[in-house]
1. Can you tell me which of (1) in a helix (DSSP H, G or I); (2) of a type in the set (D, E, K, R); (3) within 13 Å of the ligand (Cβ to nearest atom) is the one GLU90 doesn't meet?
2. Of the residues ILE202, ILE169, which is closer than 29 Å to ALA85 by Cα and in contact with a Cys (Cβ under 7 Å, 6 or more places away or on another chain)?
3. Is it fair to say ARG39 is closer than 16 Å to GLU208 by Cβ and out of contact with any Pro (no Cβ under 6 Å at 6 or more places or on another chain)?
4. Given the conditions (1) surrounded by fewer than 16 Cβ atoms within 10 Å (Cβ to Cβ); (2) free of Cβ contacts under 8 Å to residues at least 24 places away in the same chain; (3) assigned by TED's automatic domain parsing to the domain that holds SER37; (4) among the hydroxyl-bearing types (Ser, Thr, Tyr), and given that SER58 satisfies all but one, which numbered condition is not satisfied?
5. Quick one: in the range 1-60, of everything that is near the ligand (Cβ under 9 Å from one of its atoms) and assigned to a strand (DSSP E or B), which residue is farthest from ALA233 (Cα to Cα)?
6. Keeping to the range 62-87, report how many residues are away from the ligand (no atom under 16 Å from the Cβ), surrounded by fewer than 16 Cβ atoms within 10 Å (Cβ to Cβ) and not charged (D, E, K, R).
7. Could you tell me how many of the residues in the range 141-169 are in contact (Cβ under 8 Å) with a residue 40 or more places away in the chain and over 17 Å from LEU94 (Cα atoms)?
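The values are calculated or read from the model by the stated rules, or taken from the named source; none is laboratory data. None of these values were measured; they are calculated from a predicted model. Virtual Cβ from ideal backbone geometry, glycine too; neighbours counted across all protein chains shown.
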Amino acid sequence: MEPVLFYGVPHGCSFGSIVALEWLGQPYRLHRIDMLSKRSEGFARVSPLGQTPAMVDSYGRTLTESLAILHNIAARGLDKGLGFAQGTMEFDELNWMLSYLHTTLHSALGHAWNAFKLDKDDTAGREFLRKLAKEKAAGAYAYLQGVLEGSEWLVGDRRTVADAYFIGIARWGEDLELFDLESEFPGMHNHMARLEADPAVIFAHAIEDETPAVTAGGFLGHIDIEEIAPRIAA
Ligand SMILES: N[C@@H](CCC(=O)N[C@@H](CS)C(=O)NCC(=O)O)C(=O)O
């Protein structure tokens, strides 16, 4: 059976995995997780840490962590240029960029998500975390803008899973009201604007927002946890 991606709302980093699956164009299903609510037992079997994204592959094996999922998708999409063969310089460059996006940009903006989840009365805690997020993320945005000065895409000369992952997390700077990206990082904002016009990105927004979503062909619909459970390998 086709792989199932568990994506999180609101504004999950799983957004990038949805975009990558659309670019891949192979059959897949989705399962929605509200990250502000209690997780089901079924989901705990797929993602013991309770985080999204998570994936059940066509053999019933579970996979968590964006980078692992994106590499899985990229390996199935080498013919589409979504990734590169392991052992090549391009693969190392893609792996490096994905790691940078996760360990630097995602973790910087993660401080602001922690502020969002903090007790409303803890003003000092919220302010501290937001300041930290802004400082760290500004450095990452400036760095990525520099990368994009010499290149149309984050890695190589075609869109890859790095661009898919990037658009899912770079948006947080404005979602969390930390930056006005257009005026502060115009070069990076241009890359985001180009990606925002991509049908796969439009699709992923529609999925998150529960509005009509037009797939490039791979999306076969949402699936319930009860239907997935028997497929999960022991
Ligand atoms: N290292 C994980 C982090 C995933 C992560 O931070 N997921 C967030 C959404 S973007 C999440 O599930 N948050 C809910 C929680 O931690 O309870 C990855 O890269 O996949």
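1. Going through the list (1) in a helix (DSSP H, G or I); (2) of a type in the set (D, E, K, R); (3) within 13 Å of the ligand (Cβ to nearest atom), GLU90 breaks only (3).
2. ILE169
3. Values: closer than 16 Å to GLU208 by Cβ: no; out of contact with any Pro (no Cβ under 6 Å at 6 or more places or on another chain): yes.
Here the answer is no, as ARG39 does not meet what is asked.
4. The single condition SER58 does not satisfy is (2).
5. Filtering first and then ranking leaves GLY8.
6. The total comes to 5.
7. Residues in the range 141-169 being in contact (Cβ under 8 Å) with a residue 40 or more places away in the chain and over 17 Å from LEU94 (Cα atoms): 2 in total.
Residues checked against (1) within 29 Å of ARG126 (Cβ to Cβ); (2) outside the structural domain of GLY8 (by TED's automatic domain parsing); (3) without any contact (Cβ under 8 Å) to a residue 60 or more places away in the chain; (4) among the charged types (D, E, K, R):
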position	(1), (2), (3), (4)
LEU36	yes, no, yes, no
ARG39	yes, no, yes, yes
THR62	no, no, no, no
ASN72	no, no, yes, no
THR104	yes, yes, yes, no
ALA112	yes, yes, no, no
